[in-house]
Amino acid sequence: MKKVISSVARKLLLLLPSLSLLATGCSNSEEQKTTETQIPEVNVQTVYTQAVEQKQTYTGTIAPWSRNMISTYQATMRIDKIMVEVGDFVKEGQLLVRMEEANYLQAKMQIENLKVDYNRISALYQSGGVSKQTLDQLKVQLNVSQEALENLEKNTFLKSPQNGMVTMRNFDNGDLTGGQPILMVQQLNPLKISINVQEIYFPLVKRGMTASIQLESYPSELFEGKVNLIYPNVDPVSHTFTVEVAMNNSGMRVLPGMFARTTLNFGERQSVVVPDVAIVKQQGTNDRYVYIVNYDGTVSYKKVELGIRMGNLYEVLSGVSDGEQIVTAGMSRLLDGVKVKVVD
């Protein structure tokens, strides 16, 4: 019996190395299989440089070409009569408001008296009755009073400084002004729009270049404008500069305060273009990234600066080079430096 047990034990000892090798082989096969299934599969696309039309659209509000507050210089003065109403078109030099004339008439009478005195003293001077100093002093007094009268006349008979439309009225006939504006006159042709343009386009913006303007009030119609003014300073926070666009309004269909989208065309630029599905937005920031496939099969997580959007494509200003492969699908399982498997 002991011999039989000993024989079985020897056979088991001989089989153990084989069983161990078999177990090891199975283990390595499972690990390899598991490792292969953990490699993320991705779709990629090779990106290239192409011409990108540099059209940029900016939002703004329509503003009058100019505006004037019609008021008198005196702190309190009574209005005799307002000649116009809101919505009226007025011409340069047209009488808009007549203030009470008592002070003006009194000053005018004083001027007439000074003229009589001056003529009398002038005659006496010719005959040697008074000195030249006396005559000169009276002449200075007359000139100062004449200037004061002219100024008072301008503030008694308020005229429009420009062609335009009355857009505001704060008082009625007989009211005391209290130093506040009585009317507002705005020049509505042309109109203007102020927009903030990125500093990279500063060398490309020129006075006189055309602009396309779309208004929410006329969504199916495009209006033409021209760059009228370029402000020579860049905001250090937003890195933009202000551009003023002039817009013809001969038909008086457009009003100040309307919302406008203004498009400027800066020509073409050769840039790398990537599909929008490849762009990854980092949560909590405005940063954009892409995954680039390296030659060793790993991916790099790279920040990109985006330019123009063209349908489902983005212009890339920096971060991706011509001919590189970027991941377009399968980004959810990726990390920087991870090895990937490229599939069709």
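The values are calculated or read from the model by the stated rules, or taken from the named source; none is laboratory data. All of these numbers come straight from a predicted model, not from anything done at the bench. Cβ sites come from the backbone with ideal geometry, for glycine too, and all protein chains shown count toward neighbours.
Assigned to a helix (DSSP H, G or I) and either at pLDDT below 95 or within 30 Å of ASN265 (Cα to Cα) (or both) - does that describe any residue in the stretch 166-175? Within the stretch 166-175, not a single residue is assigned to a helix (DSSP H, G or I) and either at pLDDT below 95 or within 30 Å of ASN265 (Cα to Cα) (or both). Here is a list of conditions, (1) over 30 Å from MET69 (Cα atoms); (2) touching a residue at least 60 places away in the same chain (Cβ under 8 Å), and TYR118 meets all of them except one; can you say which number that is? All conditions are met except number (2). Restricting attention to the stretch 225-252, the residues being under 23 Å from SER66 (Cα atoms) and exposed (fewer than 12 other Cβ atoms within 10 Å of the Cβ) number 5. From the list ILE292, ILE326, the lone residue that is touching a Ser or Thr at 6+ places or on another chain (Cβ under 6 Å), outside any loop (DSSP other than H, G, I, E, B) and surrounded by 12 or more Cβ atoms within 10 Å (Cβ to Cβ) is ILE292. Would you confirm, using the coordinates I've provided, whether ARG309 is touching a helix residue (DSSP H, G or I) at 6+ places or on another chain (Cβ under 8 Å) and either loosely packed, with under 13 Cβ neighbours inside 10 Å or part of a loop (DSSP other than H, G, I, E, B) (or both)? Yes: the conditions hold for ARG309.
Give the stretch 278-335 a look and list any residue that's touching a residue at least 12 places away in the same chain (Cβ under 8 Å), over 30 Å from LEU264 (Cα atoms) and among the polar types (S, T, N, Q), or say none. Matches in the stretch 278-335: THR298, SER300, GLN325, THR328. Looking at VAL86, VAL8, VAL4, just one residue is outside the structural domain of TYR201 (by TED's automatic domain parsing) and either at pLDDT 55 or above or under 30 Å from VAL254 (Cα atoms) (or both), and that residue is VAL86.
For the stretch 82-115, the tally of residues that are within 19 Å of VAL185 (Cβ to Cβ), surrounded by 13 or more Cβ atoms within 10 Å (Cβ to Cβ) and touching a residue at least 24 places away in the same chain (Cβ under 8 Å) stands at 11. Could you list, in sequence order, all residues of the stretch 38-81 that are of a type in the set (Val, Ile, Thr), part of a loop (DSSP other than H, G, I, E, B) and surrounded by fewer than 12 Cβ atoms within 10 Å (Cβ to Cβ)? Result: THR76, single match. With respect to ILE200, determine if the residue is modelled with pLDDT of 90 or more and among the aliphatic types (A, V, I, L, M). Considered against the rule, which asks whether it is modelled with pLDDT of 90 or more and among the aliphatic types (A, V, I, L, M), ILE200 comes out as no. Among the residues here, LEU317 does not qualify as out of contact with any Gly (no Cβ under 8 Å at 6 or more places or on another chain) and surrounded by 14 or more Cβ atoms within 10 Å (Cβ to Cβ). Scanning the stretch 169-224 for residues that are farther than 28 Å from GLN54 by Cβ and either crowded, with 17+ Cβ neighbours inside 10 Å or aromatic (Phe, Trp, Tyr) (or both) returns ARG169, PHE171, THR177, ILE182, LEU183, MET184, VAL185, GLN186, GLN187, LEU188.
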